[in-house]
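Throughout, read-outs are computed from the coordinates displayed, never taken from laboratory work. For clarity, every value in this text was computed on a predicted model and none was experimentally measured.
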Amino acid sequence: MNKRMKKKYELKNRVRTLETHIDFLIDQNNQLWNIVERNAQATNSRFDKLEKQVVKSNAKKPFWKR
């Protein structure tokens, strides 16, 4: 093989490995976004429960239940 062919072959291999790494990083990024979304939903549901409890506890009770 001459130098030009070797360089071309080496460049193809590097590009292939970089494409593989990019695909892996994109997949990891998508997984992290899914985790963030699930955590946000869980946090929001907890706050909704707490807000309901606060509203119930702060509501003025009728005079016959005091």
The ³J(HN,Hα) series, computed from each phi in segment 38-50 with the Karplus coefficients 6.51, -1.76 and 1.60 at θ = phi - 60°, rounded to the nearest Hz and given as x for glycine or proline, is 5, 5, 5, 5, 5, 5, 4, 5, 5, 5, 4, 4, 5
The chain -> Rg/Rh from Cα coords, Kirkwood Rh, value 1.68
